[in-house]
Amino acid sequence: MGVRKAELVLYDTTLRDGAQGEGIHFSVKDKILYVRKMAAIGVPYIEAGWPGANPRDEEFFAAAGTLVLGEVKLAAFGSTCRIGEAPEESEILKRLLDSGAGVVTIFGKAWDLHVTDVLRASREENLRLIRESVAFLVRAGREVIFDAEHFFDGRKENPAYALECVRAATEGGASVAVLCDTNGGALPQGITAGVEAVKKAFPGLVLGIHAHNDGGLGVANSLAAVEAGVTQVQGTWNGFGERCGNANLSTLVPWLQLKQGYVLLPEKALPQLTSLSRYVSELANAKFDEKQPFVGRSAFAHKAGMHVDAVLKNERTFEHIDPETVGNERRILISDQAGRANIWEKMRKFAPGILKDDPRVEQAMLRIKELENKGFLFETADGSLELLLLRILGWFEPPFEMLDYHVWSDPLRGELDSVAVVKVQVGEKQVHIASEGNGPVNALDQALREALRAFFPALAESELVDYKVRVLDGSRGTEAVVRVVVETRLGTETWGTIGVSTNILKASAQALLDGLYLAIRRTEGGSR
């Protein structure tokens, strides 16, 4: 990291712009939890919604007055007044003031194509809307941020008019002019040129960047804007947003703060970035992208044998930062491409003193390659891999044995359309039990848990949270080999287990059994 540079202002629009992403939804309760979380890590500006746009945002701002946020500022978002309307008559602007938010961010058109083809107004009228709307809010005592919507597209076709839109906002008293790549189609050099043009025209004006990711350059364009002189950076956690999303703060913050020395968040917040990004996905009920830079599970995952060997000798060889600085961790993947170093590193977690040339390392490597040739994939089944290595080390015996099982389904039975019967043996005792379920796999999982509950009560703390099936050779039709991966959760820990067979129930049973074995091992005091 270079010399510490000036502070940047982080402006989080996840709750507003991010919520426009496909499949993203925040309830009022979610919004309150979110704001508290962001305030706790020191995010200075949180754009919380558009008052009046929907009942949810209205309800949130009504409740926001009770939140204790310290120095964190909530921003209400909206548009200018309408064509031919005075600001004092604008229902949009009144609702922004009634929200109680100390900061109001309004957008106005900076591309004359939108003025003529969308607003169906004159260019002069658009400038009036911007100027008078900003001035009205400033007179009401609000800090006003102006989003120059489509600025970079507007500058391409009519650069003088795009600058006039910014001028109108400054004349109205806007504290910040945010230059928006709303369509997400700009290149970094275009962003740089646009920022420099505004800085030249308006020396001393505080500028921000709002970049969308339609061209995959949301983060790159934001970095270019910062280098060109903007001091407010807008974006969303995990890159949530309409179409392809917005500039991803989960990537942008580490780039700016760790790589370039700018200050956006308190230092104590950086090791929380990985858990924070996952928290936001969980709150939005959205699948987390494990391949995200910095915070994804794959960000510091090493698979190739030579890479693993190198990173174990010196982590800088294949890691551009220490994973722990963003709260992430190094992962050594095991697959048929794995070398001895991969296996050795994994086995050292259970047997710290094991040597790299121990014959059990070679045995494990050959067994993994053999199984992956049959369709197993241990990258997604860390639980089954753990059991395999423990067996080779001689440190694992199954806590029970499944002697027999039968599963059948009757579509006419209703919701609980399947029944499973299992026979298990624990020590000297046998248990034979039947259970209903919503589908054959659920019935089998329920029957196993019921049969084992008396022996391992702590199993009630674990749950099956994901179930995936993949056909490995579709050309064989219904005779194809299938891979089943089950994810089990116990407290805050999750692990994947795997089964492979031409019989989907047999593959499912393999994966379920490994999941239960590990749940028992964890709750009965077994170490990783």
Discussion item. If I ignore ligands, DNA and RNA and count only protein heavy atoms, how much of Lys73 is accessible to a 1.4 Å probe, in Å² to the nearest 10?
Written reply: 80 Å²
Worksheet item: Among Asn54, Leu93, Ala75, whose Cα sits farthest toward the positive end of the charge dipole of the stretch 1-118 (+1 at Cβ of Lys/Arg, -1 at Cβ of Asp/Glu, about the Cα centre)?
Response: Ala75
Item to complete: Quote the convex hull volume per residue of the stretch 97-145, based on C-alpha atoms, as a whole number of Å³.
Response: 72 Å³
Fill in: Accessible surface ranking that places the most exposed of Tyr517, Tyr11 first, with a 1.4 angstrom probe
Tyr517, Tyr11
Worksheet item: Each residue of the stretch 263-279 in turn: what ³J(HN,Hα) in whole Hz from Karplus with 6.51, -1.76, 1.60 and θ = phi - 60°, glycine and Pro shown as x?
Response: 10, 10, 10, x, 3, 5, 7, 4, x, 9, 4, 5, 5, 5, 4, 5, 4
Worksheet item: Once the dipole of the chain is set up with Lys and Arg at +1 and Asp and Glu at -1 on Cβ about the Cα centre, which of Leu389, His406, Ser27 lies farthest towards its positive end?
Response: Leu389
Discussion item. To the nearest 20 Debye, how big is the dipole of the stretch 134-200 about its Cα centre, given +1 on the beta carbon of each Lys and Arg and -1 on that of each Asp and Glu?
Written reply: 200 debye
Practice prompt. Compare the Cα positions of Thr380, Ser508, Ala162 along the charge dipole of the chain (+1 at Cβ of Lys, Arg; -1 at Cβ of Asp, Glu; about the Cα centre) and return the one farthest towards the positive end.
Written response: Thr380
Worksheet entry | Shape of the stretch 373-458, Cα gyration tensor, a/c cut at 1.5 | oblate
Worksheet item: Could you give the accessible area per residue of the chain, probe 1.4 Å, as a whole number in Å²?
Response: 45 Å²
Item to complete: Calculate the length of the line joining the C-alpha centroid of the stretch 225-244 to that of the stretch 391-464, in whole Å.
Response: 49 Å
Worksheet item: Roughly how many whole Å is it from the C-alpha centroid of the stretch 119-180 to that of the stretch 284-302?
Response: 37 Å
Practice prompt. Could you look at the chain and say what percent of its accessible area is carbon and sulfur, using a 1.4 Å probe and all protein chains?
Written response: 50 percent
Item to complete: Just need the relative contact order of the chain here, percent rounded to a whole number, with Cα pairs under 8 Å and 6+ apart.
Response: 10 percent
Worksheet item: What accessible surface, in Å², does a 1.4 Å probe find on His210, ignoring ligands, DNA and RNA and rounding to the nearest 10?
Response: 10 Å²
Worksheet entry | Dipole in debye (nearest 20) - the chain, about Cα centre, beta carbon charges: Lys, Arg +1; Asp, Glu -1 | 1040 debye
Worksheet item: On the first, second and third principal axes, largest extent first, how far apart are the outermost C-alpha atoms of the chain in Å?
Response: 86, 58, 49
Worksheet item: What ranking of Leu187, Leu8 comes out by heavy-atom accessible area, probe 1.4 Å, highest first?
Response: Leu187, Leu8
Practice prompt. Rounded to the nearest 10 degrees, what's the angle between the helix 28-41 long axis and the longest principal axis of the chain, both from Cα atoms, 0 to 90?
Written response: 90 degrees
Worksheet item: What list of ³J(HN,Hα) values in whole Hz, one per residue of the stretch 144-157 in order, does the Karplus curve 6.51 cos²θ - 1.76 cosθ + 1.60 (θ = phi - 60°) give from phi, with Gly and Pro shown as x?
Response: 10, 10, 9, 8, 7, 5, 6, 4, 6, 5, x, 5, 4, 9
Discussion item. Students sometimes get this wrong: rank Trp50, Trp395, Trp237 by accessible area, probe 1.4 Å, all chains present, largest first.
Written reply: Trp395, Trp50, Trp237
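The values are calculated or read from the model by the stated rules, or taken from the named source; none is laboratory data. Since the model is a prediction, treat every value here as computed from it, not as a measurement. Don't worry about glycine lacking a Cβ; one is built from the backbone with ideal geometry, like all the others, and counts go over all protein chains shown. Calculation scope for accessible area: heavy atoms of the full protein, side chains included, ligands and nucleic acids excluded. Shrake-Rupley method; radii C 1.70, N 1.55, O 1.52, S 1.80 Å.
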